[in-house]
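Student: Below is a structure I'd like to ask you about.
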Amino acid sequence: MSTHSWTTRAVHAGKDDLAALGLHAPPIDLSTTYPSHDVVAEAGRLDEFAEGHDDGGPPVYGRVANPTVRRFERALAELEGAKAAVAFASGMAALSACLLAQVAAGKPHVVGVRPLYGTTDHLLGSGLLGTSVTWTSPDDAASAITEDTGLVVVESPANPTLDEVDVRALADACAPVPVLVDNTFATPVLQRPLTLGAGMVLHSATKYLGGHGDVMGGVIACDEELARSLRQVRFMTGAVLHPIAGYELLRGLATLPVRVRAASATAAELARRLAEHPRVTRLHYPRLGGAMVSFETSVDPVALVSAVRLITPAVSLGSVDSLIQHPASLTHRIMDEVSRKDAGISPDLVRLSVGLEDVEDLWADLDQAFRRGEVGGVRLP
Ligand SMILES: *Cc1c(COP(=O)(O)O)cnc(C)c1O
């Protein structure tokens with residue numbers, strides 16, 4: 001591994017071989033199949049691929065692996081301090097692969113630390129993939145582990161309340177059961193859970209890693225043994241990342257540190273001002289920092305979200321432009337009311353994903369939205 005700083009590696013990771021290839025931008029390989037002139041040798045390689053190994057050579061078939069996607073996987077693994085990374089079509093496809101791998105290994109029980117992303121909560125609660133779940137607080141997670149437990153799932157900072165979990169303490173308490181940390185909100189710029197003892201890191205790459213609201217993807221960073229089981233599941237179930245998405249995500253990583261630091265500085269300033277706003281009843285902003293701010297408000301939250309003009313009222317997050325949404329109506333709607341309450345998600349909570357706009361323009365927009373929201377009845381045309 002290179003001796004350069006982490007920020008430098010974010011720019012160059014996954015591209016170290018380009019100069020020798022006489023290239024500057026990474027090539028996009030759109031092949032769905034690869035020539036297999038030596039059938040016997042290729043059959044042997046296919047057996048290895050089916051076992052989850054990846055020799056980095058021509059992948060035989062497009063569902064097995066892709067050279068452009070591999071570049072993104074190598075780069076993300078390096079930035080998370082992992083041996084390997086396995087990319088998927090979306091964050092939920094990545095989580096599904098983890099759950100299926102765990103069921104295949106005969107450990108179908110999951111310990112879920114709430115709050116989690118709404119669909120993650122729903123997938124675990126539904127048992128759709130053959131898992132069962134016990135919901136706990138971080139402190140009670142270890143005592144919820146049984147002989148059948150294959151995974152502890154946690155988000156920190158969590159969606160949408162931005163609750164923080166002591167990952168090191170949780171991983172220590174739960175060992176040897178691997179802790180999967182959804183690091184979508186913090187990104188490896190602010191937190192590298194594997195260095196804190198986590199077994200797996202999940203990203204909805206759709207968010208900060210892509211960073212421009214124009215690519216969907218998911219990725220798991222982990223050790224090579226877990227990566228093999230995830231590649232096996234991906235090979236069998238087919239939720240592959242498209243090569244163009246792989247290209248876009250690799251490009252996103254190069255600006256990730258700059259984007260996250262700039263947006264976090266703006267978010268910290270907005271959090272400071274929101275905390276003093278007469279219509280904010282409770283502010284949620286992580287000690288760790290970051291570009292997400294949530295707050296509870298005495299204004300009708302739906303009217304507030306509908307009243308923004310510069311900020312876009314929309315789900316998702318981590319884009320160059322700012323987005324605002326009402327979790328109880330949208331991202332966490334799929335949870336029932338009791339589960340939402342259990343997870344600490346107030347009906348008055350509003351979640352703001354801070355982008356790269358000027359802080360004064362964002363504040364002016366929020367301020368006018370509070371005033372229009374106060375009048376009430378404001379709806380988008
Ligand atoms: C969006 C999101 C997911 C799901 O990712 P998709 O790419 O939408 O499938 C999982 N976890 C968190 C924290 C998210 O914000």
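Student: Which numbered condition in (1) away from the ligand (no atom under 16 Å from the Cβ); (2) more than 30 Å from His12 (Cβ to Cβ); (3) of a type in the set (A, V, I, L, M); (4) touching a helix residue (DSSP H, G or I) at 6+ places or on another chain (Cβ under 9 Å) is the only one that Leu123 fails?
Tutor: Going through the list (1) away from the ligand (no atom under 16 Å from the Cβ); (2) more than 30 Å from His12 (Cβ to Cβ); (3) of a type in the set (A, V, I, L, M); (4) touching a helix residue (DSSP H, G or I) at 6+ places or on another chain (Cβ under 9 Å), Leu123 breaks only (1).
Student: Next question. From Leu202, Leu209, Leu180, which residue is touching a residue at least 40 places away in the same chain (Cβ under 8 Å), aliphatic (A, V, I, L, M) and in contact with a Gly (Cβ under 6 Å, 6 or more places away or on another chain)? Spell out the reasoning first.
Tutor: Working: Leu202 fails: in contact with a Gly (Cβ under 6 Å, 6 or more places away or on another chain); Leu180 fails: in contact with a Gly (Cβ under 6 Å, 6 or more places away or on another chain).
None of the other options fit; the residue is Leu209.
Student: Which one of the conditions (1) surrounded by fewer than 18 Cβ atoms within 10 Å (Cβ to Cβ); (2) closer than 25 Å to Thr187 by Cα does Pro26 fail to meet, given that it meets all the rest?
Tutor: (1)
Student: Spot the failing condition for Leu124; the list is (1) assigned to a helix (DSSP H, G or I); (2) touching a residue at least 40 places away in the same chain (Cβ under 8 Å); (3) crowded, with 22+ Cβ neighbours inside 10 Å, and only one is missed.
Tutor: (2)
Student: Would it be correct to say that Val240 is of a type outside the set (Asp, Glu), out of contact with any Leu (no Cβ under 8 Å at 6 or more places or on another chain) and in a helix (DSSP H, G or I)? Spell out how you get there, then give the answer.
Tutor: Working: of a type outside the set (Asp, Glu): yes; out of contact with any Leu (no Cβ under 8 Å at 6 or more places or on another chain): yes; in a helix (DSSP H, G or I): no.
No.
Student: From the list Ala97, Ala77, Ala93, which residue is buried (at least 18 other Cβ atoms within 10 Å of the Cβ), more than 16 Å from the ligand (Cβ to nearest atom), under 21 Å from the mean Cα position of the chain (by Cα) and on the phi < 0 side of the Ramachandran plot? Please lay out each step first, then the result.
Tutor: Details: Ala97 fails: more than 16 Å from the ligand (Cβ to nearest atom); Ala93 fails: more than 16 Å from the ligand (Cβ to nearest atom).
The match here is Ala77.
Student: Okay, next question. Listed residues Ala221, Ala227; which is away from the ligand (no atom under 14 Å from the Cβ), buried (at least 21 other Cβ atoms within 10 Å of the Cβ) and assigned to a strand (DSSP E or B)? Steps first, please.
Tutor: Numbers: Ala227 fails: assigned to a strand (DSSP E or B).
Exactly one residue qualifies, and that residue is Ala221.
Student: Considering only residues that are of a type in the set (Gly, Ala, Ser) and buried (at least 21 other Cβ atoms within 10 Å of the Cβ), look in the stretch 204-218 and name the one that is farthest from the ligand (Cβ to nearest atom).
Tutor: Let us first name the residues in the stretch 204-218 that are of a type in the set (Gly, Ala, Ser), namely 204-205, 210-211, 213, 217-218.
Now restrict to residues that are buried (at least 21 other Cβ atoms within 10 Å of the Cβ): 204-205, 210-211, 217-218.
Details: Ser204: 3, Ala205: 7, Gly210: 9, Gly211: 13, Gly217: 7, Gly218: 5 Å.
Residue satisfying both the conditions and the ranking: Gly211.
Student: Next question. Output the number of the condition that Leu241 fails; it satisfies all remaining conditions of (1) without any contact (Cβ under 8 Å) to a residue 60 or more places away in the chain; (2) crowded, with 22+ Cβ neighbours inside 10 Å; (3) within 11 Å of the ligand (Cβ to nearest atom).
Tutor: (1)
Student: Which of the helices (runs of 4 or more DSSP H) found entirely inside the stretch 296-381 contain at least 3 residues meeting this: crowded, with 22+ Cβ neighbours inside 10 Å? So that I can check it myself, show each step before the final result.
Tutor: On the way: elements: 301-306, 337-342, 359-375.
So the answer is 301-306, 359-375.
Every number here is computed from the coordinates shown, using simple stated rules; none is lab data. In this text the structure is predicted, and so the values were computed from the model without any measurement. In this analysis, Cβ positions are derived from the backbone assuming ideal geometry, glycine residues included, and neighbour counts consider all displayed protein chains.
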